[in-house]
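A quick write-up on the structure given underneath.
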Amino acid sequence: MTFAEKLKEMRTDKGVTQVGLAADLGISKGTVAMWETGKREPNFEMLHTLSDYFDRRIDYILGQTEDKSSPKTNEEQLGVWETEEHFCKAMLAYLQLDEYGKNAVESVIRAETRRCKEQETLFPKSNFSLELRTRKGGC
């Protein structure tokens, strides 16, 4: 879908007319009409304004994705980032251990996995996705 089509779709989904959108953005109705007919496109600053107005990511507005998620950071994302940072630090610490230390950690993990299985408190693997990358400089 093109930017023109996305804009019209978002505007109508929001229940706003071209005149209303133009007034809300402080631009002319003609500018909105030109955008929706594909004769013009907004500049970068206006794309950010449209992103805020419709609560959609710029790549969605430009028709490059169908992901309608909000561009704003939410608490769930913050939790994931905290978890990723914690996991990264733990893995980095593990990698720095000698063989004895690594064996000790792995032994604890095996014991805790058995305990959780017995108590039926082990989270299913399907709850997680894991992507490992190496990068210079660590976490």
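The values are calculated or read from the model by the stated rules, or taken from the named source; none is laboratory data. Source: prediction; values computed, not measured. Accessible surface is based on the protein model in full, side chains and every heavy atom, while ligands, DNA and RNA are left aside. Shrake-Rupley method; radii C 1.70, N 1.55, O 1.52, S 1.80 Å.
Please report, as a whole percent, how much of the solvent-accessible surface of the chain comes from carbon and sulfur atoms (probe radius 1.4 Å). Taking all protein chains in place, the chain shows 53 percent carbon and sulfur surface.
Where does helix 44-54 land angle-wise versus the long Cα axis of the chain, in degrees 0 to 90, nearest 10? Tilt relative to the chain: about 80 degrees.
Between A104 and M91, residue separation times 0.36 nm minus the direct Cα-Cα distance comes to 3.3 nm. Computed extension gain for T121 through M46, at 0.36 nm per residue and net of the alpha carbon distance, reaches 22.0 nm.
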